Structure formats: structure tokens, C-alpha cells
């Protein structure tokens, strides 16, 4: 990997286009390197993973609304939309599928200087592939680029520190992936990246306080903007330049300011794009920092069943990283994180709630664990209010470590019982993590898909999709258009589609 120095330049310094970060990203995107076998296999895993969580959410409110918008934009040849047949305008297909993928917060993740869900790259890149008639091999190269660029930006540039939402890294990565897949020249990709970034910088209020359905829509919007930016750039339209380094640019005014300095890693010319191999998926439908805590809680449930009864517990203190404490823990100072009437999106970002339910149930369900009945159970509310988080500098250090063997997303729990005794345990990474107790492999992705598709998709459709996607590198353009999952008859027909402008 090459490290690229990135800083703010005054307008009269005339930073050459070839020295701008957006141009360097475009050069990586345009580099026609082969996709390695292990990257190819992981891309297939993540397409399966995306399909899993998408079919599980197509009957939920955000998915229904986004799909209704896409259905109002039929187009030929167009792109497919999860759950239905037909072709739709690619930017709207990317939108609907992006919402379906993200709504349950149940797909892959990468955490470093910033947070991300790199699987959000797949809906826009796949939609453009289907619309333009790309082969499976071209789609594979595009997705590998999307993951690579997002991972590289996430490693180097923190957005959340300045309350900018992490989808600001997604617009450029998806635009780069589309450029790779279509074989666009560096100049065109450069312009698309700049436009995609400029239109996707927003605040993190979407993940704060009373978290709304927009949490699912924000990454889908970034993907939609990447598709539209690519279209405009292909028509010769240009972007703000330099988008990152300009004195009125993103870094100077939204991030670390005029004195900022970053070192962004990017593959050298001819170097394979392997970023996807640094990412990891979710076994549970919850914020990634909650994954390890669910695993530890269900372990404690089976080892110490008495902990499920709040009468036996005096207090529960979770010692963890800065992010877990301040974003999904009690350090956020969000009273909604202890509110049994809070939205599913808010409960998904409450580690006190998640740990409590997993401790009581010894399991986690993407629907039942968030139901109003489950959240409002009196014994749960009582135990929930005994759970607090604290930042531990050592777990924060491990969270930010660049050493994969040391990097951790868990922490230590200390439970003081009413009899005065203390129980402690800890976990570093989720069981499904590559270094966890049970790392996810192809059979796990397939099992997740079959589990979440049950009752939504017919068995024959499940097997058709699985057989097709596992041949990704050799798929024809017509077969790429079949990379969709259609709901069983009767599943969607009874749902009322909300009406808006279209």
C-alpha cells in the first residue's frame, strides 16, 4: 500500500489535479488488476449476506416506502428491486435495495478511524451492473473496488469526531466502484467521486437521540447519489475541485480544519484490491459494537441463569471502548437508551438494552428482541436500569489498534450481586469475527440467508439465487440481471404502498 499525504491547500497553492486524493482514488479504481480468488469468494459471501438482511426487511416500513418509490420509476432494461420482478431506474433500485439492506443493521462492518458498513456499496454497483449489462466478472471488480476505497478512507479519516455521518465515505467508494466496473477513464471517475462526496456530507444526528427511519435511508441516499454522480460525470459534468483539500473543502470546514494532515493508504499500481478481507459481518441484528456483548451475555445466561432475575443483581458495569460508551452506551447521555417505548432504531443503539435482553434470553432475534412487548417487560426494565457503561482506556486503545490480532470491539463486564459477590468476564471480539470463537464461513452466510428468507421467499427461489451467486465470476450479463430475490406469492401483495409525489 502507498501512503498518501493529504492536507488543506490554499487556493493560490494550485494543487495539481494528479496530486489530489480524489484523483488518486480514481487511479486506483481505473487500475485493471485481477481479483484474487479469496476476494472473489468473500464478495460472493457479502452478496449473500446483503440478500439475507434485505429479504428480512422487505415487509418493514422503511423497505416498503423505498420500494414504493422505486416501483414508480419503471425502466428498461433497468435494475431489479428486492422482492419484486421487473426493471427499474438504476438510481431508484439502488435506493430501494440500499434501504432494504441497511434497515435491520444486520450486514457487514469495518471499524477503524471511522465506522462503516461496506456492504452498502453493493446495491448501487449491482444496480448499475444490471442496467448497463455488465458481466459477473465486471461486477466482481467493481465491488472489490468499492470495498477497497471505503476501507482505506475509514482507516485514515475520522468523520464522527466532527459529527459527520460515515456515509460521506460511501459516496466516493461507490462512485469509484461503478467507475471500475464500467471501465471509465480516470478523469470521469475523478469527477464522479467529487460530486458523490459533495452531496453526501451530513451530520450524525441520524444516529443520535431519537433515532428515526432515516438511519436506514442515509446510506441508500449516498448510493443513489453515487449512481447519479457517475451519470453526470459520464455526460461531461465536473465537480468541486479540490473536493477534499480545498481551503473551502470538506477537510477544512467539516473535518480536522485547515491544519489537518492525513495519511491515506491506497493500493499501489498493479496491487490487488483486498480491502474486503479486513471487514467482518454480523451474526446478530444490532450495532456492531453490540455483537461481542450479545455473545458474552448469552454465555453468561447459560453459565449463570440466576443473572436473568433483577432481584439477584445489584449493578452491571460494562467497561469498554470510547465509541461503545459514548455512542451506544450510557455515556451518550441519551435518555432514550433506557426508554422501553423507544424505536427499534434507538434500541439497536442501546448496549444497556441489548446486553440485558441477551442476558435474560440467552439468544438474540432480529424481530422478537426488539418488540415493544419484549422491551416493556417489567423485569427487563428493572435489570436494564442497572446497566451502565464506562470507558476503559485499554479497550479504547485496542479498539483503535492497527494490529488485527489486538484490535478488539468488546470489553469487560463486572456484575455485583445482591449478596455482595462479584462476577466478571470479558470478550474481545464477536464469535463470528475472523478471530472469534466461530468465524463466519460460506455455510454460515448461506444459513443466515435461509433463516431470514424463511416465510418470505419460496425454497426454490432461495436455491436458485444461491446457485447463481456462487458462480459470480462467470455470470453473463443476463444472469447478473437475475441476481435478485423475489418474495413468495402473497407476501407483498397485501401490503399497502404509501403514496408520495410520484
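Values in this text are rule-based calculations from the coordinates and carry no lab data. Everything numeric here is computed off the predicted structure, so don't read it as measured data. Neighbour counts are summed over all protein chains in view; Cβ atoms, including those assigned to glycine, are modelled from backbone coordinates with ideal geometry.
Here are some notes:
- Cα convex hull volume per residue for region 453-502 (Å³): 115 Å³
- DSSP-defined beta bridges in the chain - what % are antiparallel, rounded to 5: 80 percent
- Quarter of Cα convex hull surface for region 288-427, i.e. mean projection, nm²: 7.9 nm²
- Matching label, Rg/Rh (Cα atoms, Kirkwood Rh) computed from the structure shown, candidates (i) 1.00; (ii) 0.97; (iii) 1.02: (ii)
- Note that region 153-214 carries a Kirkwood radius of 12.7 Å, evaluated over its alpha carbons pair by pair.
- The long axis of helix 61-71 is offset from the longest Cα principal axis of the chain by roughly 20 degrees.
- Within region 248-281, backbone nitrogen closer than 17 Å to the virtual label 7 Å beyond the Cα of residue 161 toward Cβ: 250-265
- Region 2-278, Rg to Rh (Cα coordinates; Rh as Kirkwood inverse mean 1/r): 0.95
- Residues residue 401 and residue 458, FRET efficiency given R0 of 45 Å [Cβ-Cβ distance, rounded to 0.05]: 0.50
- DSSP bridge orientation in region 2-278 - percent antiparallel, rounded to nearest 5: 90 percent
- The Kirkwood radius of region 1-74, taken over pairs of alpha-carbon atoms, gives through the Stokes-Einstein law at 4 °C and 1.567 mPa s a diffusion coefficient of 76 µm² s⁻¹.
- FRET efficiency, 1/(1 + (r/R0)^6) with R0 45 Å, evaluated for residue 16 and residue 59 via beta carbons: 0.30
- Full extension of the chain segment joining residue 441 with residue 302 gains 47.5 nm, where the gain is 0.36 nm per residue of separation less the Cα-Cα distance.
- Label-to-label distance for residue 496 and residue 76 is 3.4 nm, based on points extended 7 Å past Cα in the beta-carbon direction.
- Computed from Cα atoms, the angle from the helix 186-198 axis to the main principal axis of the chain rounds to 40 degrees.
- Residue 132-residue 394 FRET efficiency (beta carbon distance; Förster radius 60 Å; 0.05 resolution): 0.75
- Ranking of 82, 502 by count of other Cβ atoms within 10 Å, fewest first: 502, 82
- The fraction of Cα-Cα pairs per 5 angstrom bin, counted from 0 for region 382-502, comes to 2, 8, 11, 11, 10, 10, 11, 11, 11, 9, 4, 1, 1, 0 percent, rounded to whole percents.
- For the peptides 196-205, 351-360, the ranking by mean Cβ contacts within 10 Å, running from highest to lowest, is 351-360, 196-205.
- Degrees, to the nearest 10: 214-234 long Cα axis against longest axis of the chain: 10 degrees
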